Amino acid sequence: QKNLHLLSPQQVELAKILLELGQSHLFEHWAEPGVDDNEKKAFFDQVARLNSSYPGGLASYIKTARGLLADSKAGKNPFDGFTPSVPTGEVLTFGDDSFISFEDRGVREARKAAFVLVAGGLGERLGYNGIKVALPAETTTGTCFLQSYIEYVLALQEASNRLAGESETEIPFVIMTSDDTHTRTVALLESNSYFGMKPSQVKLLKQEKVACLDDNEARLAVDPHNKYRIQTKPHGHGDVHSLLYSSGLLQNWHNAGLRWVLFFQDTNGLLFKAIPASLGVSATREYHVNSLAVPRKAKEAIGGITRLTHTDGRSMVINVEYNQLDPLLRATGFPDGDVNNETGYSPFPGNINQLILELGSYIEELSKTGGAIKEFVNPKYKDATKTSFKSSTRLECMMQDYPKTLPPSARVGFTVMDSWVAYAPVKNNPEDAAKVPKGNPYHSATSGEMAIYRANSLILGKAGVKVADPVEQVFNGQEVELWPRITWKPKWGLTFSEIKSKISGNCSISQRSTLVIKGKSVYLKDLSLDGTLIVNAAEDAEVKVEGSVHNKGWTLEPVDYKDTSVPEEIRIRGFRINKIEQEERN
Ligand code: UPG
């Protein structure tokens with residue numbers, strides 16, 4: 001009351017809302033007027049932000065929180081009444097005829113697509129100090145994830161426009177950031193001239209954090225570091241939907257005739273090898289929602305794509321998050337829970353969170369929901385009475401929960417591809433990766449890089465090159481297959497048919513070799529490589545690479561992740577590349 005005269009009419013309104021919502025404790029410790037007045041104003045700036053960035057405002061946030069906290073206290077199972085079963089989807093085999101025709105269709109559709117990268121997460125499990133999109137996907141060329149993603153989108157744009165006989169269409173590229181990643185993402189783009197993309201083609205949408213909750217009444221938590229602030233935490237990647245909607249981008253895209261929105265995550269160096277074909281599946285099957293999936297090892301930290309059928313007859317195909325799949329299975333007639341079957345994999349395909357949404361039905365749905373996604377809460381209770389929390393909690397949401405509100409008529413499908421060509425994220429620090437059960441993927445910087453070499457080697461193998469077998473090696477306590485270090489620019493090999501068209505004769509590559517292809521029209525013919533070859537062809541130059549190349553090449557020298565004299569992005573992979581000798585061709 002005493003401080004009311006300091007506030008603008010809008011701020012008085014916000015104060016009233018807070019009091020009506022049972023949040024008077026937020027003001028209890030406020031100083032007399034004249035003391036900390038600027039902090040008090042800043043408090044209301046924060047409340048205004050929290051209010052405007054959440055669909056329905058703080059009132060809606062607190063109401064939902066009370067409901068979810070009551071359900072959690074009562075031990076209510078979010079899957080009550082649902083029985084899980086294994087759904088059927090489109091299963092693709094890299095390189096076969098159907099894959100090639102889906103790829104072709106996907107490239108044609110790409111100029112009607114927008115790409116959305118969710119990159120607001122800090123990646124606590126990895127513990128890397130920088131932003132994850134700035135990490136090198138591989139250290140042979142040092143290309144970071146963001147560069148690789150942008151170059152793939154540009155390559156798709158060019159190929160798609162070429163097939164349509166035009167050159168003007170630009171594929172929109174959106175990055176969702178957060179306060180944890182925004183400034184560094186902008187700096188990475190600006191210091192690298194947007195990696196060749198027009199700055200106007202890239203849009204950044206920053207997600208806001210949400211208010212923390214102290215108890216089952218959803219009393220907002222005071223920030224432990226500043227009594228004039230509400231403590232906040234990330235709300236999750238599900239924010240991307242409301243941000244796309246409220247920014248007006250979806251409507252702009254719709255008006256411009258776009259048909260697809262593709263969502264993807266911060267560190268998957270293989271993803272774009274699977275994108276043309278999965279976009280082709282969306283277009284051919286007319287899916288409103290298509291999630292890309294890979295065979296999943298039981299207990300692997302990726303969600304399971306599951307058909308959930310309710311006793312009332314409803315049924316949906318949805319991701320069940322990795323921490324919920326095992327308890328759900330045990331509670332519904334699968335006493336062993338999340339286990340591998342005779343194939344060596346869990347029967348539930350693993351969600352890699354590459355989603356393709358059909359824009360028309362997406363806008364229709366969002367105009368009803370405003371982009372709000374079904375949330376959940378995960379409080380850590382002090383004891384069995386479930387009355388107080390060990391630390392404050394908050395509501396969270398996930399982008400893959402979008403289909404939960406869709407009507408039964410929605411066409412929700414998924415596409416399964418082999419992990420070797422579609423999924424190799426960098427999520428785990430070396431210590432945790434080394435503890436992953438044998439046979440399960442490490443999801444580390446080491447395995448992420450090795451997966452790129454393996455995929456490229458296998459793809460060239462399928463395209464007719466004799467690529468030597470890998471050797472087993474241990475880096476940072478992880479046993480990995482070390483294949484020849486083969487990399488190429490997306491413009492060289494966007495699709496399998498394009499790659500095949502650039503290889504002829506008898507080509508071979510030994511295990512200790514490195515091959516870097518930087519041009520676009522580079523043709524390998526009767527190449528015998530044993531060492532390192534870098535092909536630097538100019539954009540429109542046609543280069544034929546023939547004959548035998550033999551030199552000392554580049555070797556991998558082990559480094560220990562604990563050795564802090566080595567840069568962090570190198571030591572988290574457990575090796576550095578020793579560039580001894582190479583041949584360069586232009
Ligand atoms: N992210 C945000 N904002 C947030 C939290 C995360 O943008 O508030 C981004 C993050 O940068 C990353 C993505 O979301 O690009 C996923 O975050 P991550 O921590 O890597 O997700 P996980 O908990 O490992 O799980 C997600 C899905 C899961 C799926 C898996 C596949 O929830 O279903 O199997 O990714 O990698």
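Structure notes:
- Å² per residue, accessible surface of the chain at 1.4 Å: 42
- Checking the Cα-Cα distances for Lys73/Lys374; Lys63/Lys206; Lys2/Lys63; Lys112/Lys544; Lys132/Lys462 against a 22 Å cut-off, the pairs over it are Lys63/Lys206; Lys2/Lys63; Lys112/Lys544; Lys132/Lys462.
- Long-range Cα-Cα pairs in the stretch 1-94 (distance over 18 Å), rounded percent: 61
- The stretch 423-500 and the stretch 128-179 have Cα centres spaced 20 Å apart.
- Helix content alone sets the calculated 222 nm mean residue ellipticity of the chain: runs of n ≥ 4 DSSP H residues at -39500 (n - 2.57) each, divided across all residues, give -9000 deg cm²/dmol.
- Compactness of the stretch 176-224 - radius of gyration and Dmax, Cα, Å: 16.9, 51
- With all protein chains modelled, accessible area of Ser367 [1.4 Å, Å²]: 70
- Extent of the chain along its three principal axes (Cα atoms, max minus min coordinate, largest first): 85, 57, 51 Å.
- Sites listed here are GluC sites (Glu not before Pro) in the stretch 1-92 whose DSSP assignment is loop and whose Cβ has at most 10 other Cβ atoms within 10 Å: Glu28.
- ³J(HN,Hα) computed for each position of the stretch 434-441 - Karplus, 6.51 cos²θ - 1.76 cosθ + 1.60, integer Hz, glycine/proline x: 5, 9, 4, x, 4, x, 8, x
- Under the Karplus curve 6.51 cos²θ - 1.76 cosθ + 1.60, θ = phi - 60°, whole-Hz ³J(HN,Hα) for the stretch 396-403, x wherever Gly or Pro sits: 10, 8, 10, 4, 6, 7, 3, x
- Couplings 3J(HN,Hα) for the stretch 555-568, derived from phi with the Karplus relation 6.51 cos²θ - 1.76 cosθ + 1.60 (θ = phi - 60°), are 10, 9, 10, x, 10, 8, 5, 7, 7, 6, 6, 9, x, 4 Hz, where x marks Gly and Pro.
- Surface share of carbon and sulfur [accessible, 1.4 angstrom probe, percent] for the chain: 49
- Sites matching trypsin sites (Lys or Arg not before Pro) across the stretch 1-93 that sit in DSSP coil, with at most 14 neighbouring C-beta atoms within 10 Å: Lys2, Lys76
- Looking at the stretch 373-428, the trypsin sites (Lys or Arg not before Pro) that sit in a DSSP loop and have at most 11 other Cβ atoms within 10 Å of their own Cβ are Lys380.
- Pair-distance profile P(r), taking every C-alpha pair of the stretch 228-297, with 5 angstrom steps and integer %: 3, 10, 17, 19, 21, 15, 6, 4, 3, 2, 0
- Using the alpha-carbon positions of the stretch 31-149, Rg (one decimal) and Dmax (whole number) come out as 24.3, 76 Å.
- Among the listed pairs Lys427/Lys502; Lys233/Lys427; Lys297/Lys500; Lys273/Lys380, a Cα-Cα separation exceeding 28 Å is found for Lys427/Lys502; Lys297/Lys500; Lys273/Lys380.
- Against the rule of thumb 2.2 N^0.38 Å, how large the Cα Rg of the stretch 460-540 comes out: 1.15
- Overall dimensions of the stretch 536-586 as given by Cα atoms, namely Rg and Dmax in Å: 16.2, 45
The values are calculated or read from the model by the stated rules, or taken from the named source; none is laboratory data. No experiment lies behind these values; they were computed from the predicted model shown. Please note: Cβ atoms are built from the backbone with ideal geometry, for glycine as well, and neighbour counts cover all protein chains shown. We work out accessible area using only protein heavy atoms, side chains counted, and drop any ligands, DNA or RNA first. Shrake-Rupley method; radii C 1.70, N 1.55, O 1.52, S 1.80 Å.
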